[in-house]
Structure formats: structure tokens, C-alpha cells
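Notes for the one structure printed next.
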């Protein structure tokens, strides 16, 4: 995500030029490689432990509606829906030719929707078949049409993921999105990430918001990525950004 209206932590590194690139190759080189962005391995493991058994019980005749919120180029969809690990994603995005084909198959029937502010990232995901549908929207200030489309995607979703991205959303936007997902009388799961050491007060407020509307299922604490040089200046005692992965479900 990249826009002047996005709420950011001034101590956190921002990669605006990468997020609006036309392919994920810069993302791979400057984030996955340079910062050892390994968190999708742990997102996949948590998904497999707490959500995938429910998906498999549904059977092949019952595709899940899967929404990747603030999806960027869709690396976490590759990890969870396609079962790709960090090394596989890096190989897939190694250059401008390799990234044009997703080098894996979906592990279960799904209709995938990507939502992000970056039109280029969404065009990439849709063009490669990673997302069956995309919505380009500034979630902090959506137009009425964008808000309606996003609400429809939230309410129709069986699985909603938003990984390492909630730091970009203000509280009102998160309330609106979570209410749209939670206000449906049907089983459904959410997987979200909380980052440390960034925006800890905001993370606490988001946790309270989620627990007021959804039931807690389980969590994992692990590594996210190495801190950038700028971040190491701001957090001199830290080397890694850490991650809490939460899974919740509709009541």
C-alpha cells in the first residue's frame, strides 16, 4: 500500500516505490531477500494448523471465498492457498520472466479476492490468476462504490487474511471492515498479524476491537523480518521485527 492518506508509523520503514511497482521483483529483492522476510512460512504454518482442517472438511464441492486484505502482490495468498514457502516464493519472483507464472497449484477450491490501494499490485495478481477478483481502494477513505464492494467481499468471505498490513489502517476503517465480516451468521475465519516493535498501542487497540466482535481461536509468536537500517537506528536494541499471528472466527 502506498498513499499520502495511509496512516504510518514514522519509525517504521516504508517501501512506497516497491508497492506501486508493476511486478513483485523489487519486492522480492529489497524485502524478501534483503530483509529475510520469512513471515509467510509462519503464516502458512498457522493457517495449516488452525484453518486448513476446516477447509478440507468442506470438501471439493464447496469452494471457500478467500479475501486477502491489503494484499500487495499476494505473497500470503501464495503461502496459504498455494502452500508455497519462503524459498518457493523467492524462486517464483526471481526475475521479470519467472514472476509471470505462479509456479504452484491451489491446494483447495477457492474464489480469491485481493484488496489493496496499489492498482499495479492488483493488476499483477489478477493477471497471473493469483486473484480471481480484485478491488483497488484506499481503505482509510474509500469512495461509496469502493466501500460497497469491499463490504460485499467482507460479508461473503469464508476466510479473511490481513498480514503485516493492519498498521496502515486507522481505527475507524478497521471497525468498518471487521463489522462487515463479523455481521454474518455463517462460519468464517480471520488471520491477522501484529508487528513488534511497531505501533504497539495501535496493535493493542486492534486486538480489543477484534475480540469484541470475533471469537479467538489461536495464535503464534515468531519472526517477521530483519529491521532495515533506518529501523535499527530507531530501535538500536532490536535486530528482528517480530510477529504475532492471530486466528479468530465468526461468532
Given the residues 128, 106, 149, which is the only one that is more than 22 Å from residue 23 (Cβ to Cβ), in contact (Cβ under 8 Å) with a residue 12 or more places away in the chain and surrounded by 14 or more Cβ atoms within 10 Å (Cβ to Cβ)?
149
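Yes/no matrix, rows are residues, columns are (1) at pLDDT 90 or above; (2) within 23 Å of residue 40 (Cα to Cα); (3) touching a strand residue (DSSP E or B) at 6+ places or on another chain (Cβ under 8 Å); (4) buried (at least 20 other Cβ atoms within 10 Å of the Cβ):
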position: 201; (1), (2), (3), (4): no, no, no, no
position: 208; (1), (2), (3), (4): yes, no, no, no
position: 216; (1), (2), (3), (4): yes, yes, yes, no
position: 220; (1), (2), (3), (4): no, yes, yes, no
position: 234; (1), (2), (3), (4): no, no, no, no
position: 240; (1), (2), (3), (4): no, yes, yes, no
position: 243; (1), (2), (3), (4): no, yes, yes, yes
Those helices (runs of 4 or more DSSP H) lying entirely in segment 33-106 with at least 1 residues farther than 30 Å from residue 147 by Cα and touching a helix residue (DSSP H, G or I) at 6+ places or on another chain (Cβ under 7 Å):
39-50, 86-92
Going through segment 151-166 in order, the residues found to be touching a helix residue (DSSP H, G or I) at 6+ places or on another chain (Cβ under 7 Å) and farther than 15 Å from residue 250 by Cα are 151, 163, 164, 166
Return yes when residue 120 is under 18 Å from the mean Cα position of the chain (by Cα) and either free of Cβ contacts under 8 Å to residues at least 60 places away in the same chain or assigned to a loop (DSSP other than H, G, I, E, B) (or both) and no when it is not.
no
Pair list, Cβ under 8 Å, 6 or more apart: segment 170-190 residue more than 14 Å from residue 153 (Cβ to Cβ), other residue in a strand (DSSP E or B):
187/249; 189/159; 189/160; 189/217; 189/247; 189/248; 189/249
Look at residue 184 and say whether it is outside any helix (DSSP H, G or I), surrounded by fewer than 19 Cβ atoms within 10 Å (Cβ to Cβ) and touching a helix residue (DSSP H, G or I) at 6+ places or on another chain (Cβ under 7 Å).
yes
What tally of residues in segment 222-232 results from selecting those that are touching a helix residue (DSSP H, G or I) at 6+ places or on another chain (Cβ under 9 Å) and either surrounded by 19 or more Cβ atoms within 10 Å (Cβ to Cβ) or at pLDDT 90 or above (or both)?
3
Sole residue being within 10 Å of residue 251 (Cα to Cα) and over 17 Å from the mean Cα position of the chain (by Cα), chosen from 204, 215:
215
Residue check, residue 61 at pLDDT below 90 and either within 29 Å of residue 152 (Cα to Cα) or in contact with a strand residue (DSSP E or B) (Cβ under 6 Å, 6 or more places away or on another chain) (or both):
yes
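Taking the conditions exactly as written (within 20 Å of residue 245 (Cβ to Cβ) and either in contact (Cβ under 8 Å) with a residue 12 or more places away in the chain or over 16 Å from the mean Cα position of the chain (by Cα) (or both)), does residue 83 satisfy them or not?
Yes.
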So how many residues does segment 15-28 have that are surrounded by fewer than 16 Cβ atoms within 10 Å (Cβ to Cβ), in a helix (DSSP H, G or I) and in contact with a helix residue (DSSP H, G or I) (Cβ under 9 Å, 6 or more places away or on another chain)?
1
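The values are calculated or read from the model by the stated rules, or taken from the named source; none is laboratory data. These figures come from a predicted structure and were not determined experimentally. For neighbour counting, all protein chains shown are included, and Cβ atoms are generated from backbone atoms with ideal geometry for every residue, glycine included.
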